[in-house]
Amino acid sequence: MNRIAKHHLFWPLTVLAALLVCNLLVEPDFFKIEVKEGHLYGSLIDILNFGSPLILVAIGMTLVIATKGIDLSVGSIVAIAGAVGCMTISKGADQNAMGLVLSAVAISLLLSLLLGLWNGFLVAGVGIQPIIATLILMVAGRGIAQLITDGQIITVTSESYEYIGAGSLFTLPFSIFIVAVVFALASIVTRKTALGLFIESVGCNPKASRLAGVHAGWVIATVYIFGGLCAGLAGLILSANVSSADGNNAGLWYELDAILAVVIGGTSLNGGRFYLAGTLVGALIIQTLTTTIYMVGVPPEITLVVKAFVVLAVCLIQSEAFRNAIVQRWKTRKYPAEREVSPHA
Amino acid sequence: MRNRKYTSILVTFGLFVLMFASGSFLYTGFFSLQVLLNLLIDNAFLLITAVGMTFVIVSGGIDLSVGSMIALTTMISASLVQQHGWPPGVVIPLVLTLGALFGWGMGAVIHYFQIQPFIVTLAGMFLARGLCYVISIDTITIDHPFYTSAAQTKVAVGGGNFLSVSAIIALIVVALAVYLAHYTRFGRNIYAIGGSEQSALLMGLPVARTKMQVYTLSGFCSALAGVVFTFYMLSGYGLHAVGMELDTIAAVVIGGTLLTGGVGYVVGTFFGVLIQGVIQTIISFEGTLSSWWTKIVIGLLLLVFILLQRLLGARRAMQQQG
């Protein structure tokens, strides 16, 4: 039992389960999944479907944070990728053509790869603090996204493109499969090859890992590129889901939600350790929280207040100073006599 | 080279002059004292926030909650004045105290539980923005005579030019901040902590107290900026000042403050804010350019200044070694 409680997924999964149970109490039909016209419908499917962009961004963010970095520009990359995708399609003659959709996807993914590379270059090549380096793209990125869409909300009517965000495969939303593939790829590459170890060693101590023969620069660049790609995919799913691109509001606050998901999942912001499965659960917690708040009928704006307390609580639990303060108080107040006696026993 | 430490301020100042001069050459009606004064009038709230942020960044921290704090201040003021009929003379001191307390709370969490300022102030940002919506989801317009007169009063500065009340408050804040940063013990402590917290601790400086004071000051400044913003917009709204924290950080960085802490000037921040104002003015004079160009240009400027800081920093490190 103790071993289960100490597992890094214990607390995140407990919170998630508690949230789901709360939902069940409020809405008895919460776990009901129906089949309509060959698709599965239900709140759980919705959580997975609407949560998939956040999960993708958070997976990328996990690896970035593991190298003691942070990527503030993901929200902007989401907006840019969506804008480029929709722009490419809206310029085509036949918006439904498969080749056009594929090239739109390829172009926006290539661009997000380049944006990730740019972040990686600033952090690893020039040696700027990650917060600041990615702040540049965060500020300029929304401007670039609006430049691409010319300040308008671009709407496309392409069923093939819509499929990425709203289509379904084997009765499940297609976006879930994208998430599954990315998650599996990230897990395999970081856990079955040496890359995961390199990332953790760079996060612990870049200088020492360089002396040990790890090329820290390339490792850092790789995680930012991966983060950019994940954000690009999320941007495609988001824009495809609503068949439009909004340079101003697409992906707003995504960087903060993603960081929150990573932290809830047990990855420390100090780098050196990461838990991809924890991040997955963390992102699901955030999405479930949002859904719960909608369902209970509380004004959705209060989500922010709830999130604020969640962030603070999670950080306090992670803070060694806070834990020590609590533990000390507990020890000295409750069992002063026992502690003195125990060594003789 | 005794004046090397002023290089970054000179670069910022030079850039401001250059941009203002090029605007004057390109557009008729640009070169006038009133356009210059308008920079102050339109950016008074940004200036006040940026001054508070300068202290935080010099101390080696960061405050992401400023934009939300401004929104919360406008919301509380509007709600109390407009919906509950409180007199502004009570409301304004109240919101300023609330802002300071909010900052103090964040500072306490940052210091005593050793959580990164980035995360704590992020939580503060969510909290303040969320509280806005708890008060009201809609815009609350203010038509109280005190606020409208504060918004419309023009203070003549000679030659038919004028400043607003907000701009004068901002100038006073800048003057006080310069005094605080360079002529008081508090200011020296901040620079010492930003340079190296460990050394400051060993020297016996009051690190805990100073760090909390810095965040209190920043909270107070953003609340004051919120009051000024209320004068400017004459309304309270939960979506006011979205993304202001980035503009503020950008202004501080463009002003030559090192994000690693320990180096920075309030006067630099002053010109950092004015540079952002000039960019906006040029874009509005141009007419064909859209407002999103502001973001792109500010992003580019951020990049240039950060690279410049790296360059100057690297050269200084080499000199110290050699």
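Candidates are the residues of the stretch A:192-244 that are of a type in the set (Val, Ile, Thr) and under 15 Å from residue A:68 (Cα atoms); the one that is surrounded by the fewest Cβ atoms within 10 Å (Cβ to Cβ) is A:222.
Kindly check whether there is at least one residue in the stretch A:268-279 that is under 21 Å from the mean Cα position of the chain (by Cα), under 22 Å from residue B:242 (Cβ atoms) and modelled with pLDDT of 80 or more. No, the stretch A:268-279 contains no residue that is under 21 Å from the mean Cα position of the chain (by Cα), under 22 Å from residue B:242 (Cβ atoms) and modelled with pLDDT of 80 or more. Pairing residues of the stretch A:287-309 that are within 18 Å of residue A:29 (Cα to Cα) with residues that are among the β-branched types (Val, Ile, Thr) and surrounded by fewer than 17 Cβ atoms within 10 Å (Cβ to Cβ), at Cβ distances under 8 Å and at least 6 apart in sequence or on separate chains, gives A:292/A:26; A:293/A:302; A:295/A:26; A:296/A:26. One residue stands out in the stretch B:71-124 among those that are in contact with a helix residue (DSSP H, G or I) (Cβ under 6 Å, 6 or more places away or on another chain) and among the aromatic types (Phe, Trp, Tyr): the one that is surrounded by the most Cβ atoms within 10 Å (Cβ to Cβ), namely B:102. Among the residues of the stretch B:135-148, the ones that are closer than 17 Å to residue B:240 by Cβ and surrounded by 15 or more Cβ atoms within 10 Å (Cβ to Cβ) come to 6 in all.
Apart from one condition, residue B:168 fits all of (1) under 15 Å from residue B:107 (Cα atoms); (2) surrounded by 15 or more Cβ atoms within 10 Å (Cβ to Cβ); (3) within 23 Å of the chain's Cα centre (by Cα); (4) not aromatic (Phe, Trp, Tyr); the exception is (1). Within the option set A:49, A:2, being among the polar types (S, T, N, Q) and at pLDDT 70 or above holds for one residue only, A:49. Set side by side, the residues B:274, B:217 differ, and just one is touching a Leu at 6+ places or on another chain (Cβ under 7 Å), away from every other protein chain (no Cβ under 14 Å) and not small (Gly, Ala, Ser), which is B:274. Total residues in the stretch B:24-61 satisfying the condition of being out of contact with any Asp or Glu (no Cβ under 7 Å at 6 or more places or on another chain), surrounded by fewer than 24 Cβ atoms within 10 Å (Cβ to Cβ) and within 14 Å of chain A (Cβ to nearest Cβ): the figure is 0. Please specify each residue of the stretch B:94-137 satisfying the condition of being without any contact (Cβ under 8 Å) to a residue 40 or more places away in the chain, more than 7 Å from chain A (Cβ to nearest Cβ) and of a type in the set (Gly, Ala, Ser). B:105, the sole residue that qualifies. Under the condition of being within 7 Å of chain B (Cβ to nearest Cβ) and not in a helix (DSSP H, G or I), which residue from the stretch A:128-152 is farthest from residue A:206 (Cα to Cα)? The qualifying residue farthest from residue A:206 (Cα to Cα) is A:151. In this structure, residue B:249 does satisfy being within 15 Å of residue B:54 (Cα to Cα), modelled with pLDDT of 80 or more and under 20 Å from the mean Cα position of the chain (by Cα). Take residue A:297 and decide whether it is in contact with a Cys (Cβ under 6 Å, 6 or more places away or on another chain), surrounded by fewer than 22 Cβ atoms within 10 Å (Cβ to Cβ) and either of a type in the set (D, E, K, R) or more than 19 Å from residue A:184 (Cβ to Cβ) (or both). So residue A:297 fails the test. Of all residues in the stretch A:116-126, those that are farther than 20 Å from residue A:250 by Cβ and either in contact (Cβ under 8 Å) with a residue 12 or more places away in the chain or more than 7 Å from chain B (Cβ to nearest Cβ) (or both) total 7. Against the condition more than 20 Å from residue A:106 (Cα to Cα) and in contact with a Phe, Trp or Tyr (Cβ under 9 Å, 6 or more places away or on another chain), how does residue A:288 come out, does it pass? When the stated conditions are applied, residue A:288 does not pass them.
The values are calculated or read from the model by the stated rules, or taken from the named source; none is laboratory data. Note that the structure is predicted; figures quoted are calculated from it, not measured. Every residue, glycine among them, receives a Cβ derived from its backbone with ideal geometry; neighbour counts consider all protein chains shown.
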